[in-house]
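**Student:** My questions all concern the structure below.
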Amino acid sequence: MVPNPRQTELLEEVRRLGSATVEALAERFGVTLQTVRRDIRLLAEAELLARFHGGARVPRSTTENLAYRQRQQLNHGAKQRIARVLAAAVPQGCSLILNIGTTVEAVARELLVHKGLRVITNNLNVAAILSDNPDCEVIVAGGVVRARDHGIVGEATVDFIHQFRVDLAIIGISGIEADGTLRDFDFREVKVTHAILASAREVWLAADHSKFNRPAMVEVGRIGQIDMLFTDREPPAPFGALLAEAGVQCTIAGEPV
């Protein structure tokens with residue numbers, strides 16, 4: 001399912017509130033109760049929302065991420081804007097590590113016109129995208145390939161990443177909690193991300209607004225370990241203060257005027 005604009009806004013409203021009744025959503029969007037119920041049913045069937053009697057809520061699992069296809073669709077426009085702005089800041093002729101995630105894959109697409117890049121990745125989707133750029137050398141990490149998203153993880157991947165020292169790491173994340181911790185779901189993926197953080201002179205995080213206050217089980221690191229954050233909306237409290245205290249530069253890729 002690819003949500004239409006109204007369904008996308010409805011999903012965003014439920015994500016913002018945590019849960020909402022059918023009546024409140026109908027009033028918010030100026031549509032009938034029947035329309036809201038149909039939208040909720042479709043979004044629930046796509047596992048983007050969880051239904052309850054009279055309303056909907058956001059799935060809040062801390063142990064399992066959304067399916068890859070769902071993550072591709074969720075906040076697709078925001079990810080494209082983030083990717084465009086981030087890629088524009090990447091210097092020509094630099095070395096990069098790109099990790100797993102749909103936002104990182106969007107960044108890879110925006111790097112197709114860059115020249116002289118050397119990219120190390122544990123993401124077969126990123127490798128396939130950037131292999132179409134004749135001015136980009138792509139180095140793929142060894143390890144175990146996850147069937148669900150073509151990410152490469154495991155001890156062999158960690159050892160491989162530790163061989164390198166690159167100019168930039170461009171990473172995605174599953175959640176950023178209010179205490180400043182960066183979190184993800186798969187401990188094997190997190191171990192690879194630890195190696196990536198240690199192998200880069202500078203770390204840029206690409207995360208859309210839905211990642212703030214999203215719980216996940218495994219700690220990747222702290223917000224002070226990144227140098228730049230690229231997102232699509234002004235971070236909610238207390239993240240602005242946390243970023244400022246840590247000296248993290250925040251770039252907002254907002255809607256086009």
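The values are calculated or read from the model by the stated rules, or taken from the named source; none is laboratory data. Worth saying up front: this structure is predicted, and the values here are computed from it rather than measured. Cβ sites come from the backbone with ideal geometry, for glycine too, and all protein chains shown count toward neighbours.
**Student:** Any idea which of Ala241, Ala169 is surrounded by 21 or more Cβ atoms within 10 Å (Cβ to Cβ) and either touching an Asp or Glu at 6+ places or on another chain (Cβ under 8 Å) or not in a strand (DSSP E or B) (or both)?
**Tutor:** Exactly one of Ala241, Ala169 is surrounded by 21 or more Cβ atoms within 10 Å (Cβ to Cβ) and either touching an Asp or Glu at 6+ places or on another chain (Cβ under 8 Å) or not in a strand (DSSP E or B) (or both), namely Ala169.
**Student:** Which of (1) at pLDDT 85 or above; (2) loosely packed, with under 15 Cβ neighbours inside 10 Å; (3) out of contact with any strand residue (DSSP E or B) (no Cβ under 9 Å at 6 or more places or on another chain); (4) among the hydrophobic types (A, V, I, L, M, F, W, C) is the odd one out, the single condition Val31 does not satisfy?
**Tutor:** Failing condition for Val31: (2).
**Student:** Can you pull out the residues in region 1-22 that are more than 16 Å from His76 (Cα to Cα) and free of Cβ contacts under 8 Å to residues at least 12 places away in the same chain?
**Tutor:** Scanning region 1-22 gives Arg16, Leu17.
**Student:** Now, a different point. Which condition does Cys250 not pass, out of (1) in a loop (DSSP other than H, G, I, E, B); (2) over 21 Å from Ala108 (Cβ atoms); (3) at pLDDT 95 or above, if it passes all the others?
**Tutor:** Evaluating Cys250 over (1) in a loop (DSSP other than H, G, I, E, B); (2) over 21 Å from Ala108 (Cβ atoms); (3) at pLDDT 95 or above leaves (1) as the failure.
**Student:** Another one. Return yes when Arg188 is within 24 Å of Ile120 (Cβ to Cβ), in contact with a Lys or Arg (Cβ under 9 Å, 6 or more places away or on another chain) and in a strand (DSSP E or B) and no when it is not.
**Tutor:** Here the answer is no, as Arg188 does not meet what is asked.
**Student:** Follow-up question, since we're still on this one. It is to be established whether one or more residues within region 210-218 are over 16 Å from the mean Cα position of the chain (by Cα), outside any strand (DSSP E or B) and of a type in the set (D, E, K, R).
**Tutor:** no
**Student:** Moving on. Within region 156-164, does at least one residue satisfy the condition of being under 17 Å from Gln249 (Cα atoms), assigned by TED's automatic domain parsing to the domain that holds Gly247 and either surrounded by 19 or more Cβ atoms within 10 Å (Cβ to Cβ) or out of contact with any Leu (no Cβ under 6 Å at 6 or more places or on another chain) (or both)?
**Tutor:** Looking for residues that are under 17 Å from Gln249 (Cα atoms), assigned by TED's automatic domain parsing to the domain that holds Gly247 and either surrounded by 19 or more Cβ atoms within 10 Å (Cβ to Cβ) or out of contact with any Leu (no Cβ under 6 Å at 6 or more places or on another chain) (or both), one finds none in region 156-164, hence no.
**Student:** Quick check: anything in region 96-117 farther than 25 Å from Met228 by Cα, at pLDDT 95 or above and in the same structural domain as Lys191 (by TED's automatic domain parsing)?
**Tutor:** No, the conditions are met nowhere in region 96-117.
**Student:** For region 1-12, which residues satisfy the criterion of being more than 15 Å from Arg51 (Cβ to Cβ) and assigned to a helix (DSSP H, G or I)?
**Tutor:** Matches in region 1-12: Pro5, Arg6, Thr8, Glu9, Glu12.
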